Every structure is written in C-alpha cells, then in structure tokens.
1. ASP34: accessible area at probe 1.4 Å, nearest 10 Å²?
2. Among the lysines, select those whose C-alpha is under 18 Å from the C-alpha of LYS89, and discard any that sit fewer than 8 residues away in the same chain.
3. Running Debye on the chain with equal point scatterers at the Cα sites and no solvent, what base-10 log of I(q)/I(0) appears at q = 0.11 Å⁻¹?
4. Can you tell me the FRET efficiency between ALA408 and ASP23 if r is taken as the Cβ-Cβ distance and R0 is 51 Å, rounded to the nearest 0.05?
5. Round to the nearest 0.05 the FRET efficiency obtained for ASP503 and HIS450 when R0 = 25 Å and r is the Cβ-Cβ distance.
6. Which residues make up the longest stretch of the chain that has no GluC sites (Glu not before Pro) in a DSSP loop with at most 14 other Cβ atoms within 10 Å?
7. Relative to the compact globular guide of 2.2 N^0.38 Å, what is the alpha carbon radius of gyration of region 261-352, as a ratio?
8. What's the magnitude of the charge dipole for region 171-330 around its Cα centre, counting Lys and Arg as +1 and Asp and Glu as -1 at the beta-carbon? Answer in Debye, nearest 20.
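The values are calculated or read from the model by the stated rules, or taken from the named source; none is laboratory data. This one's a predicted model, so the numbers in the text were calculated from it and none came from an experiment. Heads up, the Cβs are rebuilt from the backbone with ideal geometry, glycines too, and the neighbour counts pull from every protein chain shown. These accessible areas exclude ligands, DNA and RNA; they are computed on the full protein's heavy atoms, side chains included. Shrake-Rupley method; radii C 1.70, N 1.55, O 1.52, S 1.80 Å.
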Amino acid sequence: MSTSEPSSTPSSAGTPLWVIGDDGRPVLRVGEEDPEMIRVLTRALDGRIIPGSYVADGAPVVLEEISGAAGPVAADDDAALPITASTLKPSLFAALLAEHATVMGAKNGKPAEVTPAGPVLSAVLARRSWPGLPVLNGIISTPVLRPDGTLLQRPGYDPDTKFYLASNNHLAPVPDKPTAEQVSAAREFLLEKFLGDFPWRTPADKANYMALLATPLVRPYTRALSPFGLVEASMPGSGKTILTGCVGLLVGQTVQNWTESEDELRKTITSVLAVPSGVIVFDNVKEGTALDSATLARLMTERSWSDRKLGTNTAPTYTNDRLWLATGNNLRTGGDMASRTVWVRLDPDCPRPEARSGFTIPNLDSWILEPKNRAIVLRHLLVLILDWTNHGAPEASGAIPQMRQFTAWAKHLGGFLEHHGIGHFLANAESVRGLDEDNAEWMNFLHTWHELHGDRHLSAQELRQSGEPTAGTDPWVGTFPTDRTGKPLSTKSLGKRLTGHIDRWHTDIVLRSVIDKGRNCRVYWTEPFDPTKNEDVSENRDK
C-alpha cells in the first residue's frame, strides 16, 4: 500500500498548465488581465503546482514543518505535532508561488516575472471545490490502525485513511505479524515495567487506563466514540499527570485549565479542536470539583463540533476525533457526565506519595520525555494491537456495562484487553457510581422522601410544603432540593426538577408519577428497588 506523496499531472484537457524551466521550477504564464490570471492560477493550484498542497474542509492547505518548536519539558506541557497544515491565505499563496514556481506575466508590455495582486489571489482562494487536490483528514504523529485492520506506519500521505503521518526517527518498523515472543515481551514491559509501579486503586483502574492508552491508535479502525477519561487520585503526588502525559506525549496533547463557565468551556473546545493533537487534557482540576458540564457531556456524544470561532463570524465544523482526559484529586461527576466517564483511580495510601522510591523505571516523569523512550512504549503497544487484529480483533466475549453511545468502544477495547489476558475492564463502574454527585444527592433526597411519606402520592405543592422546616427542625435533614441561595425550591421549580427525573433510577430508588385527574395535577411518589418484584418480572418474561 503506497503512502507516497500524491502526484498530479500539470495539464487540463491535454493542454500543459506549465513547463519546466532551466532551474527545474515550473514556469506558469498567467497573462496580463486579472480574469485570465484567476483562471490560470486556479487550474495551477488545483494541479498541485505547490508541493504538499491538500484540501481540508473545502480550503486549500499546505503542509509545513514548524521551525524552532520546543519539545515538552514536563508531562503536563503541550506536545505539538512537528508538522502543521496551514490554510492558504493570499500572502502565503504569493510566498509559495515565488518559492516553487516562476510566474510570468507582463510589466510595461514586456514579459516579466510577477507576483499576482492580492485581489487576484483572494479570488482564487474563495472557491470551495478543489477536485485535483488530495483530501487531508488530519496529521498524525504515531502509526494507527486503518479501517481494514492494517497498520499505517510508513511516513507520508496515506490515500486510504487520508492521514499524513509525520516521520518518527526513533520508531523502527513494527512487524505486521508479531511473534509470540514479541507479544509476551510487550505485555510484560507495559504491564509490569511501565505501569507496574502506579498505585492503582483496583485492577479495573489499570485495565481502564490501558484501554485509554490504546484508544487514539485504534480509533480509525473502531470508528467508535470514546468516553471521557478521568484520572483521579486520593491525594497529590500519586502520578495522575504522568499517566495522562504518557498518552498525550505519544499522540500529541493540548493541556488546558478547567473552567466552570459553560461559555468559556465552549470557546476552549472550539479553539483546541482547530489545532492538530490526539489528546486534550484538563490538568489538575480543583480538588473536590464535580464535573457536570452540559457542554462537555454534549461533546462526548457528538462526532463533530461546530461553534463560532472567537473574533469572527464564522462557525467552522471540526471532527471530534480526540481523546478527552482530566486529572484531579477527589473529583466527582454530575449530570450526564457520570454515564460518559471512564474512571482511572489512584490511591498511594501513604502520607507522602512523592517520596516513594524503588521504581522499576526511575524518574518516569522525565524518562517519558525522551523521544527514544516514548518510541519503546509505542512499539510495545502497537505489537499488542497488531496481535489482536491478526487474531480477528475479537470483541469482548463477556458482559460489559452498557455505556450508551460508547458501547462499541467498550466492546472493541474490552476485546483487546481480554485477548491479552487483562481482566477487570470497567469493573469499577459500580463502585464509582457513588462519585456521581448529582445521583448521590437525588438518592438521598428520594430515600428521605420515602421515609417521610412512604408511597403516598404528593403534588409538587404538597411536597414543597413538607420541605419547610418546622419548630426549628428540618425533617429532611438537608436533603430537600434548594436554589443557589440555599432556600428550598419554589413549587414551580420543584415541579420542573421532579419531571426531569421521572422513572430515572438513582442507585436503588426511583421517582414515579401520574396525572391525578381528580385533582387535575401531576402527583409523585418514590419506589425503592424490590428484588422480589424484579425476580417475578424476570420469571414472567421467561414464561
């Protein structure tokens, strides 16, 4: 499979667009009048007179190496890709034409080399159709699985995926069919040496991290939405940032600060999606924060993102092909983020985690910054991935927690882990349910409700009246829903809040509701989980 630079014939309907001059550069004759210049330059650009030109989202782009870009000096630094796709603007177009071609027009009625005027260049670049330019889906820095299960690992443009793979001088070619010895060595290095010293709270946390580590490399193959990865610890110094950095430094990362403002978060998402990177990390979220952003929850379930770009009236659309991660101590989730999050939890269970010693890889935080060391990790991970695909890329055979839009991801990555004998994937889903702040608040509220009123049917007004403290005591012991000022919700606000939770289970209790025609209003009651009733339903279904 070729990954060489696409070629283009400098002709249209058999007529050459340019000739090659004595200096080896194309000689392009554009004429004297603007309309003719526009026509000639449009054909020439579409014929790839500029090397390394592509089209992305209807706009011509050119690949450029980034000069002087400093590498990351810490795991929580941005790790930019070494190549970028620059959208052609009139000034850049003029510069590249001067570099790669001799544009012949006329000055004072005589043939002469010219620089086309800005309005001419703008007119050329205004169009959105460029059938002669190869489509560029993105720039990647690490090999990835193609949709057919083969590995894209030759640097350059890949016509099958339409990705451009930047060269990695430290990564030797990975065998298409790794041997059993290579697979065993890769598994031992990754699980025992590379990840062996992290204080995983449970085996599920280690398995979940392995799934997140492999996700960017298998995404073109699985084509599955991936959940939000939350790397959380009981205290500072546990290794959270190193873990996210190990993923981000492999595939390129952008590190951001978390914001509680939905508007600011939306702007952040739009800006980071405009920059090529494989991982977005919200690092060191404030301790005890509940991640319950509606904006982030929406992003996790959408394959594309469109929003007005800051300072412009344009609303570009970006493919949501990133892995989104966050780190912090004693975090919580809320709202819809609980069902969109995979947890990786660390617990060093010691007073000074940063003082631990005796690691298999000393100073892992600086070790991973070396390109040759990242290549070692990447190579072993790719060996495991290829061994999985060579065996048919089996999906998880056992039951996995239902993850709504992420079930396909869970089946693929669960199968990858299962193939390599890594168990307990997503096994902590039930234990972290208590870290869902919104769910915990509703569970406590509904249980108190049931203790106070049993299965009695109450209107929102009746329920609101019972929420008023009496004689200086609060029968609800602080569980009744309140507004931002701490006062019990109004009847209208309470009714809206209740309606949004009808038939939604909060761990082991659910809110039920019907319209009471006699009272002409909606009434509510709580219903704890009854395993006996559930067994009866199952038996009836079996019959």
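1. 80
2. Output for LYS89: LYS309.
3. -1.05
4. Working: r = 54 Å, r/R0 = 1.06.
Given R0 = 51 Å and the Cβ-Cβ separation, E is 0.40.
5. On the way: r = 16 Å, r/R0 = 0.63.
For ASP503 and HIS450, the calculated efficiency is 0.95.
6. 34-259
7. Numbers: Rg = 14.9 Å, N = 92, 2.2 N^0.38 = 12.3 Å.
Scaled against compact globular proteins, the figure is 1.21.
8. Numbers: 16 positive and 17 negative charges, 81 e Å.
That gives region 171-330 a dipole magnitude of about 380 debye.
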